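Trainee: Pasting a structure here, questions to come.
The values are calculated or read from the model by the stated rules, or taken from the named source; none is laboratory data. Remember, it's a predicted structure, so these values are computed and weren't measured experimentally. Cβ atoms come from the backbone with ideal geometry, glycine included; neighbour counts cover every protein chain shown.
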Amino acid sequence: MSFDPTPTAHWNWSVDASGIGWLGADRAGASTNVLSREVLESLDALLARIEREPPRGIVVWSAKDNGFIAGADITQFKELTTPAQSYALIRAGQQVIARLAGLPCPTVAAIHGFALGGGLELALACRYRIAVDDDAVRLGLPEVLLGVHPGFGGTVRTPQLIGARAALELMLTGRPVRARKALALGLVDRLAVAGELKAAAVALLATPPPRRAAPWLDRILSLAPLRGLVAAGMERTVARRARRDHYPAPYAIVDLWRRHGASGATAYEAEARSIAELFCSEASRNLVRVFLLQDRLKAQGGAGAPVAAVHVVGAGVMGGDIATLCAQRGLEVTLQDRSEALIEPALARARAAVGKRARTPQAAAEVLARLRADVAGDGAASADVVIEAIYENAAAKQALYATLEPRLKPGAVLATNTSSLRIETLAAGLARPARLVGLHFFNPVGLMPLVEVIHGDGTDPAAVQAAIAFARRLDKLPLPCRSAPGFLVNRILFPYLTEAMRASADGIALEVIDAAALDFGMPQGPIELADTVGLDVALHVGTVLSEAFGTPPPTILEPLVAAGRLGRKSGAGLYQWRDGRPVRTTPTTAAPEDLADRLILPMLNEAVACLREGIVSDEDLLDAGVIFGTGFAPFRGGPLHYARQRGIASVVARLQQLESRYGSRFRPDDHWTALAA
């Protein structure tokens, strides 16, 4: 396969009076540069012209303000249905990038913003790279997060440039690096002051640095006799994070390096063959789906009133961590509780969290200066967003709103972080009940990406949109949910947790229960998750849901909570905890054959019930919420997507089998029929 040589309007090309060629990436009709089929075709045609009349040197730059090139066009991944089709596309792309690498004149990639995936691979094909010295700059190869690996020569050129150890870490984790880290690794040759990138690129061409080469130790480790030993160690590291049958891509990266050592034409050919197979794997298709679901949640931000100040009431773990997050995102934050003594632990946690993440003590000090204790609650009057995060008691929350509402400025968002109480109940005493929305963050606030934005039947749509925009301002993924007991995530999660506790009561070892969930692909077993959430929290939410839906709560939690065994935070719960980890024993019995289905299928059944009740508007949003709110095995694409892939008739039949064994809690929801139709 070869690309159509007809030029298209995705690249700017000019040669200045000094003989420097300027090759500008400018994908037509888009705000961000990505390497679509059409963009690569255009580049191929342009490079053919440049080869005939090469300039003195070339600067490859981006005409987009937000960055260099964000990678390949992921939406086109869905068009690849066979390995042969995928291979043809990848090899054609490799040949375009190789054409850039083979130009007879020196080339320099001038990078601002981001250079990710295929964008970084294109930059690696240039002789030199220069980046803006700015914290906003990110360079990385995140393809593994989509179930594939670099395909435009990245598995070869990256180890050749910076060495196998650094290159493999970059590819296996998918984590991008900032500009100064990229310079230290050798990904870029120089840094430039913002606003002077083009001039610095020309200066680099005039006085080029020595060509980069991998460190000598990496060159030795890349020799065939040693590669097998090193690769075996890398595989053991990968295995601690992911299983080959769940996530084959990181293993494929190690396999490529083991077999070819990033050397020779066969390494590029093998890269193309490998990624072509991965493209068509179920894991990759589902991870691409998850990526596109994430993009859909991000796109909901839209317009909202500017937010500069936030007031948080309740300095417990959730309230304190929400306040810290807001300060880290550049907002002025006041944190209220009944006394300074109650606020101080939250400020201490903030100092520790900010100190770990800030690049310099000065940067940490700037964040902490934006977070202030406010026992009197004076900050409520000037805040654009006021978040209530006190304990889960409707009467206490309503009493607080009675004092807060008269102080709020017009247009301020009033939000509750309730995890289980209905918005209609909490808003009942307000003069303007339509202004109250839910902003349900998940613990730990700094790590969990999802925020459920809860609206009742009478909630003002403008308040909902303002809350969604605020969640995006915090770089969270907002999920609009209708007010109902447990909303979406807790509603679907708790059948998983409670069934695990029932399995424990049936005599199945805790370790066996958790292992069954991990084997399915969950990031954490339900027993460990319950301990991590806190058994007191689990008991409270479980009680609310049990009362709402008439299902008996598991009996195991109440005596544990009464005894002070709250889970990880108290050092003991269902497990004993030591140094932040559960103490496990080696089980002596195997898992029953139905254990994984017993844990997972109630989540699917509850998801169908939530869809029937309109808790979220469609299947994709439901899957997105469960993936980003619970960590539901991403490579399976979400609970409803997994049900469709497994076969709805098969899932319903299995639920009926479990109902006959264990009782009516497994009865298939009536909406399965509509879903199948």
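Trainee: In this structure, does Val188 turn out to be in contact with a His (Cβ under 8 Å, 6 or more places away or on another chain) and among the hydrophobic types (A, V, I, L, M, F, W, C)?
Mentor: no
Trainee: Now for a separate question. What number of residues within region 326-363 are free of Cβ contacts under 8 Å to residues at least 12 places away in the same chain and farther than 22 Å from Thr403 by Cβ? Lay out the reasoning, then the answer.
Mentor: Within region 326-363, the subset free of Cβ contacts under 8 Å to residues at least 12 places away in the same chain is 341, 348, 352, 355-356, 358, 360-363.
Within this subset, residues satisfying the condition of being farther than 22 Å from Thr403 by Cβ are 348, 352, 355-356, 358, 360-363.
Matching residues across region 326-363 total 9.
Trainee: So which residues in region 381-403 are of a type outside the set (A, V, I, L, M, F, W, C) and touching a Phe, Trp or Tyr at 6+ places or on another chain (Cβ under 9 Å)? Please lay out each step first, then the result.
Mentor: So the first thing to find is which residues in region 381-403 are of a type outside the set (A, V, I, L, M, F, W, C), and the list is 382, 384, 388, 391-393, 397-398, 401, 403.
If the condition is that a residue be of a type outside the set (A, V, I, L, M, F, W, C) and touching a Phe, Trp or Tyr at 6+ places or on another chain (Cβ under 9 Å), then Asp384, Glu388, Lys397 are the ones that fit.
Trainee: Somewhere in region 264-273, is a residue farther than 20 Å from Tyr87 by Cβ, in contact (Cβ under 8 Å) with a residue 60 or more places away in the chain and among the small types (Gly, Ala, Ser)?
Mentor: No; the residues of region 264-273 include none that is farther than 20 Å from Tyr87 by Cβ, in contact (Cβ under 8 Å) with a residue 60 or more places away in the chain and among the small types (Gly, Ala, Ser).
Trainee: Would you mind listing the strands (runs of 3 or more DSSP E) fully within region 326-393 where at least 2 residues are within 19 Å of Phe441 (Cα to Cα)? I'd like the intermediate steps shown before the answer.
Mentor: On the way: elements: 332-336, 371-373, 385-388.
Here the list reads 332-336, 385-388.
Trainee: For Asp374, are the conditions met, namely being more than 27 Å from the chain's Cα centre (by Cα) and among the charged types (D, E, K, R)?
Mentor: Criteria met by Asp374.
Results for (1) modelled with pLDDT of 95 or more; (2) surrounded by fewer than 22 Cβ atoms within 10 Å (Cβ to Cβ); (3) assigned by TED's automatic domain parsing to the domain that holds Gly446; (4) of a type in the set (D, E, K, R), shown as yes or no for each residue.
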site: Pro345; (1), (2), (3), (4): yes, yes, yes, no
site: Ala348; (1), (2), (3), (4): yes, yes, yes, no
site: Gly355; (1), (2), (3), (4): no, yes, yes, no
site: Ala369; (1), (2), (3), (4): yes, yes, yes, no
site: Ala373; (1), (2), (3), (4): yes, yes, yes, no
site: Ala376; (1), (2), (3), (4): yes, yes, yes, no
site: Ala381; (1), (2), (3), (4): yes, yes, yes, no
site: Ile387; (1), (2), (3), (4): yes, no, yes, no
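Trainee: Looking at (1) more than 30 Å from Phe520 (Cβ to Cβ); (2) without any contact (Cβ under 8 Å) to a residue 60 or more places away in the chain, can you tell me which one Ala231 breaks?
Mentor: Just one mismatch for Ala231, condition (1).
Trainee: Being without any contact (Cβ under 8 Å) to a residue 12 or more places away in the chain, surrounded by fewer than 20 Cβ atoms within 10 Å (Cβ to Cβ) and assigned to a helix (DSSP H, G or I), is that true of even one residue in region 308-325?
Mentor: no
Trainee: Right, next: Got at least one residue in region 496-506 being surrounded by fewer than 23 Cβ atoms within 10 Å (Cβ to Cβ), among the acidic types (Asp, Glu), over 30 Å from Arg351 (Cβ atoms) and at pLDDT below 95?
Mentor: Checking region 496-506: at least one residue is surrounded by fewer than 23 Cβ atoms within 10 Å (Cβ to Cβ), among the acidic types (Asp, Glu), over 30 Å from Arg351 (Cβ atoms) and at pLDDT below 95.
Trainee: Among the residues of region 524-534, are any assigned to a helix (DSSP H, G or I), of a type in the set (A, V, I, L, M) and more than 29 Å from the chain's Cα centre (by Cα)?
Mentor: no
Trainee: I'd like to check something: does region 205-217 contain any residue that is in contact with a helix residue (DSSP H, G or I) (Cβ under 9 Å, 6 or more places away or on another chain), at pLDDT 90 or above and among the aliphatic types (A, V, I, L, M)?
Mentor: yes
Trainee: Sort out which residues of region 581-635 are closer than 24 Å to Arg241 by Cβ, in the same structural domain as Met501 (by TED's automatic domain parsing) and not in a helix (DSSP H, G or I), and write them in order of number. Talk me through it step by step, then tell me what you get.
Mentor: At the first step, the residues of region 581-635 found to be closer than 24 Å to Arg241 by Cβ are 581-587, 591, 595-596, 599-600, 603, 623-624, 626-635.
Going one step further and asking which of them are in the same structural domain as Met501 (by TED's automatic domain parsing), we end up with 581-587, 591, 595-596, 599-600, 603.
If the condition is that a residue be closer than 24 Å to Arg241 by Cβ, in the same structural domain as Met501 (by TED's automatic domain parsing) and not in a helix (DSSP H, G or I), then Arg581, Pro582, Val583, Arg584, Thr585, Thr586, Pro587, Ala591 are the ones that fit.
Trainee: Being outside any helix (DSSP H, G or I), of a type outside the set (Asp, Glu) and closer than 27 Å to Ala98 by Cα: is that true of Ser263 here?
Mentor: Yes; evaluated as a whole, the condition is true for this residue.
Trainee: Can you work out which of the residues in region 456-470 that are assigned to a helix (DSSP H, G or I) and in contact with a Pro (Cβ under 8 Å, 6 or more places away or on another chain) is surrounded by the most Cβ atoms within 10 Å (Cβ to Cβ)?
Mentor: Ala467
Trainee: I'm checking my understanding of the structure. Among residues of region 60-72 that are part of a strand (DSSP E or B) and touching a Ser or Thr at 6+ places or on another chain (Cβ under 8 Å), which one is farthest from Ile130 (Cα to Cα)?
Mentor: Within region 60-72, the subset part of a strand (DSSP E or B) is 60-62, 69, 72.
If we keep only those that are touching a Ser or Thr at 6+ places or on another chain (Cβ under 8 Å) as well, we get 60, 69, 72.
On the way: Val60: 10, Ile69: 14, Ala72: 21 Å.
Restricting to residues being part of a strand (DSSP E or B) and touching a Ser or Thr at 6+ places or on another chain (Cβ under 8 Å), the top hit is Ala72.
Trainee: So, of the residues in region 417-436 that are free of Cβ contacts under 8 Å to residues at least 40 places away in the same chain and not in a helix (DSSP H, G or I), which turns out to be nearest to Gly486 (Cα to Cα)?
Mentor: Step one: list which residues in region 417-436 are free of Cβ contacts under 8 Å to residues at least 40 places away in the same chain, which gives 418, 425-436.
Restricting the remaining residues to those that are not in a helix (DSSP H, G or I) gives 418, 428-432, 436.
Working: Thr418: 9, Ala428: 19, Gly429: 21, Leu430: 22, Ala431: 26, Arg432: 24, Leu436: 17 Å.
Ranking the candidates gives Thr418 first.
Trainee: Please determine, by comparing only the residues of region 655-668 that are crowded, with 20+ Cβ neighbours inside 10 Å and not aliphatic (A, V, I, L, M), which one is nearest to Ala242 (Cα to Cα).
Mentor: Ranking the qualifying residues of region 655-668, first place goes to Phe666.
Trainee: While we're on this one: Quick one: how many residues across region 24-45 are in a strand (DSSP E or B) and in contact with a helix residue (DSSP H, G or I) (Cβ under 7 Å, 6 or more places away or on another chain)?
Mentor: Total meeting the criteria: 1.
Trainee: Considering only region 118-137, how many residues are among the basic types (Lys, Arg) and crowded, with 24+ Cβ neighbours inside 10 Å?
Mentor: 1
Trainee: When you check Ala270 against the structure, is it among the aliphatic types (A, V, I, L, M) and touching a Phe, Trp or Tyr at 6+ places or on another chain (Cβ under 6 Å), yes or no? Steps first, answer last, please.
Mentor: Numbers: among the aliphatic types (A, V, I, L, M): yes; touching a Phe, Trp or Tyr at 6+ places or on another chain (Cβ under 6 Å): no.
So Ala270 does not fit the description; no.
Trainee: Would a scan of region 437-455 turn up a residue that is more than 21 Å from Lys298 (Cα to Cα) and outside any helix (DSSP H, G or I)?
Mentor: No, because not a single residue in region 437-455 is more than 21 Å from Lys298 (Cα to Cα) and outside any helix (DSSP H, G or I).
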